[in-house]
Amino acid sequence: MDSTLERLDGDRVRLTVAIDETEFEVAVEAAFRRIAKEVRLPGFRPGKAPRKLLEARIGVAAGRQEAIQQSLPDYYGRALVENDIDAIDSPEIEITGGQDEGNLTFDAVVPVRPRATIAGHGSLRVEIPSPEAADEDVDAQLEALRGQHSTLEAVDRPAGDGDQVTIDIDGTFEGEPVEGLTTTDYLYEVGAGAVVPEIDENLRGASVGDVLEFDADHPEEDGTLAFRIEVSEVQARVLPELDDDFAKASSEFDTIDELSADIRERLSVMRRGQTPMLARDRVAQAIADLVDMEIPPALVEAEVDSRINDMAMRMRSQGIDFSVYMEAMGRDVESLRDELREGAELASRVDLGLRAVADAEGLGDVEEPLEEYLGSLATQTGGDVDGIREALSRSGRMLEVRADLRKQAALEWVFERAEVVDEQGNPVDPTLLEPPEPVIQLPDDLTAIPVDDDEVGETDSSVADSTDGEEE
């Protein structure tokens, strides 16, 4: 098979592919074997009818057409790999020769990833939350701890948010009691926002002995819920004093100062651990903001596809069927796609921005990190570097691996030159920004990397469909 590449306008390329008649004859022979299993001829078992007889019965063209339909995705996929084409959508295929005899030739016009231009990436300023816990963070943790050790005390006043009220509640829908909304001596926190907001609205300001009757829209059905609530007790939450006695009762520390210092350190350790990745995330978002171009919808949809596939694969690794999960959650794929699309567009913009940085700064040499990556894969899988390199190359995934390594290099190049500050505008200690130990991620499923030519055609399973109208 021979292929040539021509770059077109509008982020497209044209692949011209030629398959020698001898090579294509293998596909034609396989096509007739498949047809033989489906065609019933007197005197022959399924699959045993000779090719000559089939040609006489259904014509040579039928087998050739079947061969084209079945083999075209493989030829197209191989041409993508041979020419390092970063396709982002299905191609437009036109058979240009060989439909009846001779060499098979076709053109494929392929949408490819656009190239962005970028400026200002060498002097970014990004803001992140301070790596050190603030006083208000410590206070919030102490308040939460006080809440856990609070007590309830009956009060002779109207109820307000945060109070606990004991109520008898009778909720009906179309005259029938609603399960879960009809009970006695139920302890409810005012302001909790459970079921419908009208419950809190009516309980605010209510006193012991009050009987509240009101209606509310049903949150799940068309119609109105009718409520009758009787208040039998109002209790206020009593918080313990923040003193040494509280520290002794709620922790292993003897003083409130020691407890506060421990909370501050724990929060700070957690924040420091998040700082390197958070800072890089903010830098990546800043790079995305520098990409001044419309992102092709096909690129965004491809990113959405990737995220859904990753989700399904993670679930499968945990023994969860993705379709069953979606059904159980009452979700459909289209709503999930809508939910993922905004993040996918940002990720696509980051992708184009990092590629643009790599181009602008000449960060194309990834041989050393590539060798490290392949070595790590070999160690994790028990394979050998050359075998993994060959499998990635033949499947077309080496292009993706190299692109990822270039983008990593671009991100670090920008990060090293960026100014990282906290909310107050103070520079963040550079030692806290050191990247964590790199984790080499295995491909989604290393065993899925094609190892023979028959699997390469999976590069784009829609190719055969795209030729239907053009061959008639």
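Given the condition under 33 Å from the mean Cα position of the chain (by Cα) and without any contact (Cβ under 8 Å) to a residue 40 or more places away in the chain, answer yes or no: does some residue in segment 154-176 qualify?
no
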**Message:** Looking at segment 390-404, can you tell me whether even one residue there is in contact with a Lys or Arg (Cβ under 8 Å, 6 or more places away or on another chain) and among the basic types (K, R)?
**Reply:** no
**Asked** Before we move on, is R264 of a type in the set (K, R) and without any contact (Cβ under 8 Å) to a residue 60 or more places away in the chain?
**Response** no
**Fill in**
Taking first residues from segment 373-394 that are under 23 Å from N83 (Cβ atoms) and second residues anywhere that are of a type in the set (K, R), the pairs with Cβ under 8 Å that are 6 or more apart or on different chains are L374/R389
**Wholly enclosed strands (runs of 3 or more DSSP E) of segment 87-193 bearing at least 1 residues in contact with a helix residue (DSSP H, G or I) (Cβ under 8 Å, 6 or more places away or on another chain) and not aliphatic (A, V, I, L, M)** = 92-97, 104-111, 125-127, 176-189
**Message:** closer than 18 Å to R307 by Cα, under 18 Å from the mean Cα position of the chain (by Cα) and at pLDDT 95 or above: which single residue out of V333, V350 fits that description?
**Reply:** V350
**Asked** Just wondering, is there one or more residues in segment 315-322 that are more than 27 Å from A79 (Cα to Cα), in a helix (DSSP H, G or I) and in contact (Cβ under 8 Å) with a residue 12 or more places away in the chain?
**Response** no
**Request:** State yes or no: is E367 over 26 Å from the mean Cα position of the chain (by Cα) and either without any contact (Cβ under 8 Å) to a residue 40 or more places away in the chain or at positive phi (or both)?
**Result:** yes
**Complete:** If we keep only residues of segment 395-410 that are under 12 Å from E82 (Cα atoms) and among the hydrophobic types (A, V, I, L, M, F, W, C), then the residue surrounded by the most Cβ atoms within 10 Å (Cβ to Cβ) is M398
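Under 21 Å from T151 (Cα atoms), touching a residue at least 12 places away in the same chain (Cβ under 8 Å) and not in a helix (DSSP H, G or I): does that describe L225?
Criteria not met by L225.
The values are calculated or read from the model by the stated rules, or taken from the named source; none is laboratory data. It should be emphasised that the depicted structure is a prediction, and the values quoted were computed from it without experimental measurement. Neighbour counts run over all protein chains shown; Cβ positions are idealised from the backbone, glycine included.
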